[in-house]
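Structure record follows, encoded as structure tokens.
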Amino acid sequence: MQEAALQAALHLVYPPQCLVCGALVTSDFGLCGSCWRDTPFISGLVCDLCGVPLPGEETGKAEHCDDCLTIARPWSRGRAALLYKDNARHMVLALKHGDRLDLVRPAATWMLRAAAPILEPGMLVAPVPLHWLRLFRRRYNQSALLSRAIARASRLDHCPDLLIRRRSTGTQEGRGRDDRFANMAQAIALHPKRAKLVEGRHVLLVDDVMTSGATLAAAAEACVGGGARAVSVLTMARVAKDA
């Protein structure tokens, strides 16, 4: 009762605002009606390896997009909550570069909803790592914040430092697909003190955005090489060619 009264008092002083436009909304961590309509949530039939939406109806059979049919993915299943455009792009960049840590909670909720078909008991949740220099400049790893919230909500084990970046790979922005994969080759490894955790486990890798999948592939290969039974991936947003 006291907590509810305190929350009501806080709402009088600080009314809940839309995560995107700042308009008043009825609950914390929400979107107004207009921004909800303009946010590209992924639903319906999706690629079972990356989560990008596909044309057609769900039949219960795993379907794959053109990219995942032509690129060998070192993971077994994948999902994404949003298409990387419009409001979704705005929120990803705000979380990544704008210190909008209030976006972690709703983003993790959307990601968990998308991930429902691929979650399994006993999974080990881990984020895609940042190089220590970038982490020092940014002060936080947005993927680690998302993975922690997802693990907590789904009651799965979480290891924020399961993986490390062996070298600084710079930005992938502006690179072609082949260059992205070459840039990430062997750039990610298991943390020496955490390597035992993956043996025989199904690892769920969490990242903010998937474009070509090069970064997730490097992380997944490190887990598989360390003895993981399987790897699945989950991202806040997925870049789509026709988005």
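Scanning segment 217-243 for residues that are in a loop (DSSP other than H, G, I, E, B) and touching a strand residue (DSSP E or B) at 6+ places or on another chain (Cβ under 9 Å), which turns out farthest from Leu197 (Cα to Cα)? Working first, answer last.
Here is the first cut: in segment 217-243, the residues in a loop (DSSP other than H, G, I, E, B) are 226-229, 239-243.
Filter once more, keeping what is touching a strand residue (DSSP E or B) at 6+ places or on another chain (Cβ under 9 Å): 226, 228-229, 239-240, 243.
Numbers: Gly226: 9, Ala228: 9, Arg229: 11, Val239: 31, Ala240: 33, Ala243: 38 Å.
Ranking the candidates gives Ala243 first.
Looking only at residues in segment 212-243 that are touching a His at 6+ places or on another chain (Cβ under 8 Å) and aliphatic (A, V, I, L, M), which one is surrounded by the fewest Cβ atoms within 10 Å (Cβ to Cβ)? Before you say what the answer is, go through the steps one by one.
Looking only at segment 212-243, we keep the residues that are touching a His at 6+ places or on another chain (Cβ under 8 Å), and these are 228-232.
Narrowing the set further to residues that are aliphatic (A, V, I, L, M) leaves 228, 230-231.
Details: Ala228: 22, Ala230: 17, Val231: 27.
If we take residues in segment 212-243 being touching a His at 6+ places or on another chain (Cβ under 8 Å) and aliphatic (A, V, I, L, M), then Ala230 is surrounded by the fewest Cβ atoms within 10 Å (Cβ to Cβ).
Tell me, which residue of segment 142-199 that is closer than 22 Å to Leu103 by Cβ and without any contact (Cβ under 8 Å) to a residue 12 or more places away in the chain is surrounded by the most Cβ atoms within 10 Å (Cβ to Cβ)? Don't jump to the end; show me each part of the working.
We begin by selecting, within segment 142-199, every residue closer than 22 Å to Leu103 by Cβ; these are 142-154, 156, 158, 160, 171-173.
Subset that is without any contact (Cβ under 8 Å) to a residue 12 or more places away in the chain: 152, 171, 173.
On the way: Arg152: 12, Thr171: 8, Glu173: 7.
This residue is Arg152.
Are any residues in segment 32-45 closer than 16 Å to Lys85 by Cβ and either touching a Pro at 6+ places or on another chain (Cβ under 8 Å) or aromatic (Phe, Trp, Tyr) (or both), and if so, which ones? Can you show your working first?
Keep residues of segment 32-45 that are closer than 16 Å to Lys85 by Cβ, which gives 35-43.
Answer for segment 32-45, where residues must be closer than 16 Å to Lys85 by Cβ and either touching a Pro at 6+ places or on another chain (Cβ under 8 Å) or aromatic (Phe, Trp, Tyr) (or both): Trp36, Phe41, Ile42, Ser43.
Quick one: would you say Leu82 is closer than 17 Å to Cys18 by Cα and either part of a helix (DSSP H, G or I) or modelled with pLDDT of 95 or more (or both)? Quick ask: steps written out before the conclusion?
Numbers: closer than 17 Å to Cys18 by Cα: no; either part of a helix (DSSP H, G or I) or modelled with pLDDT of 95 or more (or both): yes.
Taking the combined requirement at face value, the residue does not satisfy it.
For segment 119-127, check the following and say yes or no: at least one residue is closer than 20 Å to Thr215 by Cα and surrounded by fewer than 18 Cβ atoms within 10 Å (Cβ to Cβ).
From segment 119-127, those closer than 20 Å to Thr215 by Cα are 124-127; that's our starting set.
Imposing the further condition that a residue be surrounded by fewer than 18 Cβ atoms within 10 Å (Cβ to Cβ) reduces the set to none.
No, every residue in segment 119-127 fails to be closer than 20 Å to Thr215 by Cα and surrounded by fewer than 18 Cβ atoms within 10 Å (Cβ to Cβ).
Name the single residue that is farthest from Cys47 (Cα to Cα) among those in segment 68-90 being surrounded by fewer than 21 Cβ atoms within 10 Å (Cβ to Cβ) and in contact with a strand residue (DSSP E or B) (Cβ under 8 Å, 6 or more places away or on another chain).
Arg89
Tally up the residues in segment 30-47 that are touching a residue at least 24 places away in the same chain (Cβ under 8 Å) and under 18 Å from the mean Cα position of the chain (by Cα), please.
6
Please state which one of Ser154, Ser168, Ser212 is touching a strand residue (DSSP E or B) at 6+ places or on another chain (Cβ under 9 Å) and of a type in the set (Ser, Thr, Tyr).
Numbers: Ser168 fails: touching a strand residue (DSSP E or B) at 6+ places or on another chain (Cβ under 9 Å); Ser212 fails: touching a strand residue (DSSP E or B) at 6+ places or on another chain (Cβ under 9 Å).
The conditions single out Ser154.
For segment 171-227, what are the residues that are of a type in the set (D, E, K, R) and more than 21 Å from Arg137 (Cβ to Cβ)?
From segment 171-227, those of a type in the set (D, E, K, R) are 173, 175, 177-180, 193-194, 196, 199, 201, 207-208, 221; that's our starting set.
Those that are of a type in the set (D, E, K, R) and more than 21 Å from Arg137 (Cβ to Cβ): Arg177, Asp178, Asp179, Arg180, Lys193, Arg194, Lys196, Glu199, Arg201, Glu221.
Residue-by-condition table, conditions (1) assigned by TED's automatic domain parsing to the domain that holds Glu173; (2) more than 12 Å from the chain's Cα centre (by Cα):
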| residue | (1), (2) |
| --- | --- |
| Asp66 | no, yes |
| Leu69 | no, yes |
| Ala81 | yes, no |
| Arg89 | yes, yes |
| Ala107 | yes, no |
| Trp110 | yes, no |
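Please verify whether Leu93 is surrounded by fewer than 17 Cβ atoms within 10 Å (Cβ to Cβ) and not assigned by TED's automatic domain parsing to the domain that holds Cys223, treating the condition exactly as stated.
no
Do we find that Gly44 is buried (at least 16 other Cβ atoms within 10 Å of the Cβ), modelled with pLDDT of 90 or more and closer than 26 Å to His202 by Cα in this structure?
Details: buried (at least 16 other Cβ atoms within 10 Å of the Cβ): no; modelled with pLDDT of 90 or more: yes; closer than 26 Å to His202 by Cα: yes.
Considered against the rule, which asks whether it is buried (at least 16 other Cβ atoms within 10 Å of the Cβ), modelled with pLDDT of 90 or more and closer than 26 Å to His202 by Cα, Gly44 comes out as no.
Yes or no: Trp132 of a type in the set (Phe, Trp, Tyr), assigned by TED's automatic domain parsing to the domain that holds Ala187 and surrounded by 15 or more Cβ atoms within 10 Å (Cβ to Cβ)? Give the derivation first.
On the way: of a type in the set (Phe, Trp, Tyr): yes; assigned by TED's automatic domain parsing to the domain that holds Ala187: yes; surrounded by 15 or more Cβ atoms within 10 Å (Cβ to Cβ): no.
Criteria not met by Trp132.
The values are calculated or read from the model by the stated rules, or taken from the named source; none is laboratory data. Just so it is clear, the structure is predicted and the values come from calculations on it, not from any experiment. Neighbour counts are summed over all protein chains in view; Cβ atoms, including those assigned to glycine, are modelled from backbone coordinates with ideal geometry.
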